[in-house]
Amino acid sequence: MTMKKLLKGGLAAVMALSMYACSANSGGSSSSDGGAIKLGMSGPLSGGAAIYGQAVQRGAEIAIEEVNEAGKVKFELNAQDDEADPTKSPNAYGVLKDWGMQVSLGCVTSGAGSAVSADYQNDKIFAMTPSGSSMDVILNSATNEYYGTVFQMCFTDPNQGVASADYLSAHSDLGSKVAVIWKNDDNYSTGVHDKFVEEANKVGLEIVSDSTFNDSNDSDFSVQIKAAQDSGADILFLPIYYEPAAAILVAADQVGYKPTVFGVDGLDGILGVEGFDTSLAEGVYLLTPFSADATDEKTVNFVKKYQEKYGEIPNQFAADAYDVVYAFAKACEEGGVTADMSASDIAEIMVKQFTSMTFDGITGTGMTWAETGEVSKDPKAMVIKDGAYVGVQD
Amino acid sequence: MKKIFDKKHISRTTTYLMVVIAYIVLTILQKTDNLGSLFSSLLVPVCCYIVAGIGLNLNVGISGELNLGQAGFMSVGAFAGIIISGLLSPIISSGVIRLIIAIITGALVAALFGYLIGIPVLKLQGDYLAIVTLAFGQIIMSLINNFYIGVDNNGIQMSFVDNKLNLGDGGRVLISGPMGANGVERISNFTMGIILVIISLIIVYNLMYSKQGRAIMAARDNRIAAESIGINISKTKMLAFVISASLAGAAGALYGLNFSTVIPTKFDFNTSILILVYVVLGGLGNMKGTIISTTLLVLLPELLRGLQTYRMIIYAVVLIMIMLVSNNDQLKNMFSKVFAKNKKGVEDVS
């Protein structure tokens, strides 16, 4: 019995400690005014993919600061760590729900996001993910029905694949024979790749080499590069995240293989890889909706603030999050959402607003949303020049 | 009635009581909306890890063989359960019945794998089982990472390495290689989790205190002496290993059907080690300890959420502290003096 008491004491101590920690720092909320609408978000704030989660959190925080200053609607943010793990994101969702989240930025990553989309649907909470680009985030693949309350600010993966193939076929000066290296245990990469291949066949792009890697062999790419080189490909399409892409560029450089490298939004961030010789990334094309060197007022202001606060150039994830918060602000304002409304009432208004409004942000202008939750906006092509992302003029 | 509270049985009885009381309290809290979403979402995973942990404890604590592939068995059980549940969903609408079928399937498939691995390995002495189970976990992960299965009106389609599924109208993909299972119908519930915990306790306790169980422990403590009195070492060890694997399989099926997205890489080496940590910190051969330590350690990272980005660092520090404290001789002596009265209640049948 005494043993039990001790255990109980230990449990109580752990609980008390965490409670104390909670009250000392209430989960990253930026303000706790009575009239603020509670925004939740979950993403990888620790672990291998933390760079994405942190970017989203930071982008959202900057936008919330500005929106709160403008004073028409007030937001407060609670960011929870889900380690990009689909079995952890329900926990993060639980924390947010207990906190009283009214609107959500959903999950940063696709896998984690698809695990809680059904919860958002069942609990009638509106979520718009800045970066969860897989179809599974908005579409229940078992029933083939859209969740309806989960929207996306970013392109879906299939759309990125189609857009890339279209872009390459329209710009034949870049090359004509395509080699693809993709990650076959990754939702994002598989989604982009499959649609790219499908669209490439339609528009007459020739795919001469198609090789894969996965989580357990993502350090040595000499085999895949050799296959691409031997097939005589002059375009290397990389529908992957930037870390393995950096390793691929190094491997290509080692054998003196110099194709035109083309990627999608996952390549955004390649210039920030530690220990990576950024000169290797010169001339890399990427199709992404955001460019930090754009000269419009909104982007300049965002980039400046982000740099001041965090000492780095914001990537597309931060920009998407920034746009999500502004889109929320617009929808809340126009739909008359107030902080004392219930999450399900807000969700109803939000869905109505988003399917009817047009939104101009820093990741695109004239954005509209379908009832499925998909966004429609134009992708922008960028090229890396002198160690910076530069928009391609065409 | 008296018998279950005597010295020999008191430890078992308190374990069962602990589980039942925890179930009653948590269910009341849940039904009255006092538990909160976070803890509600943790109930089933905790039960799954407890069952896998009890199985592993039978293997590591009672049988004395190091198994580093418990997550591999969970994985087998999880995906077998997901496939069965997905296939049966048009036929059987009741989630509970499908869940029971899935759990049984998961347990059987994992037991089969356990048996196949056990045949060559358990005849050897030393740490071979650790090496082989470690490899098994990785192999299973790679296999499922490349496994595609779907179903449409014409039947089941499978393919390997490349996704060659060509499903007709109304077809559903059950497992899509590295993307795992998406849109899984979540039919697991806490009641089934607790039932599974109690069943696994009954199995393990009855085995431990049976003739076979004594043979397993004899084989662990002194192989030569046990062999000399006619115990078939590889057979007794196999019994413990297969039961351990099947418990992990059952836990895996419950786990897999609790999430709408399950990826094969979830059940990697780290998860095996995690379960081993639960078992070691709870005490080898001590089932009650496994239950308590698993519950605490699964909850710990969630309770530390208030620390935000420092969460995982603190979690690691706490783990190290628990290990140091639980292995400190001075503290152990202190505890043993305090608990001198309780000493005989410890689960020791030797």
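Checked against (1) assigned to a helix (DSSP H, G or I); (2) out of contact with any strand residue (DSSP E or B) (no Cβ under 7 Å at 6 or more places or on another chain); (3) closer than 23 Å to residue B:144 by Cβ, residue B:96 meets all criteria but (3). The residues of region A:37-64 that are out of contact with any Gly (no Cβ under 9 Å at 6 or more places or on another chain) and modelled with pLDDT of 90 or more, listed by number, are A:37, A:39, A:58, A:59, A:60, A:62, A:63, A:64. Against the test of being over 26 Å from residue A:214 (Cβ atoms), within 11 Å of another protein chain (Cβ to nearest Cβ) and of a type in the set (Phe, Trp, Tyr), the options B:278, B:310 yield a single qualifying residue, B:310.
When the test is whether a residue is hydroxyl-bearing (Ser, Thr, Tyr), in a loop (DSSP other than H, G, I, E, B) and touching a residue at least 12 places away in the same chain (Cβ under 8 Å), residue B:200 does not pass it.
Against the criterion of being more than 14 Å from chain A (Cβ to nearest Cβ), over 20 Å from the mean Cα position of the chain (by Cα) and among the aromatic types (Phe, Trp, Tyr), residue B:209 qualifies. When residue A:138 is tested against (1) modelled with pLDDT of 85 or more; (2) touching a strand residue (DSSP E or B) at 6+ places or on another chain (Cβ under 8 Å); (3) facing another protein chain (nearest Cβ under 9 Å), just one condition goes unmet, and that condition is (3).
I'm checking my understanding of the structure. Among residues of region B:313-324 that are at the interface with chain A (Cβ under 10 Å from one of its Cβ atoms) and free of Cβ contacts under 8 Å to residues at least 12 places away in the same chain, which one is surrounded by the most Cβ atoms within 10 Å (Cβ to Cβ)? Filtering first and then ranking leaves B:314.
Of everything listed in (1) buried (at least 18 other Cβ atoms within 10 Å of the Cβ); (2) within 13 Å of chain A (Cβ to nearest Cβ); (3) among the hydroxyl-bearing types (Ser, Thr, Tyr), the single unmet condition for residue B:89 is (1). Residues in region A:170-202 that are in a helix (DSSP H, G or I), surrounded by 17 or more Cβ atoms within 10 Å (Cβ to Cβ) and either under 19 Å from the mean Cα position of the chain (by Cα) or free of Cβ contacts under 8 Å to residues at least 40 places away in the same chain (or both): 11 in all.
Taking the criterion of being at negative phi, part of a helix (DSSP H, G or I), buried (at least 22 other Cβ atoms within 10 Å of the Cβ) and of a type in the set (Asp, Glu), would at least one residue in region A:289-300 satisfy it? No; the residues of region A:289-300 include none that is at negative phi, part of a helix (DSSP H, G or I), buried (at least 22 other Cβ atoms within 10 Å of the Cβ) and of a type in the set (Asp, Glu).
Using the structure shown, decide if residue A:105 is modelled with pLDDT of 90 or more and either part of a strand (DSSP E or B) or more than 11 Å from every other protein chain (Cβ to nearest Cβ) (or both). Considered against the rule, which asks whether it is modelled with pLDDT of 90 or more and either part of a strand (DSSP E or B) or more than 11 Å from every other protein chain (Cβ to nearest Cβ) (or both), residue A:105 comes out as yes.
The values are calculated or read from the model by the stated rules, or taken from the named source; none is laboratory data. Please read all numbers here as calculations on a predicted model, not as lab measurements. Note that we place each Cβ from the backbone using ideal geometry, even for glycine, and neighbour counts take in every protein chain shown.
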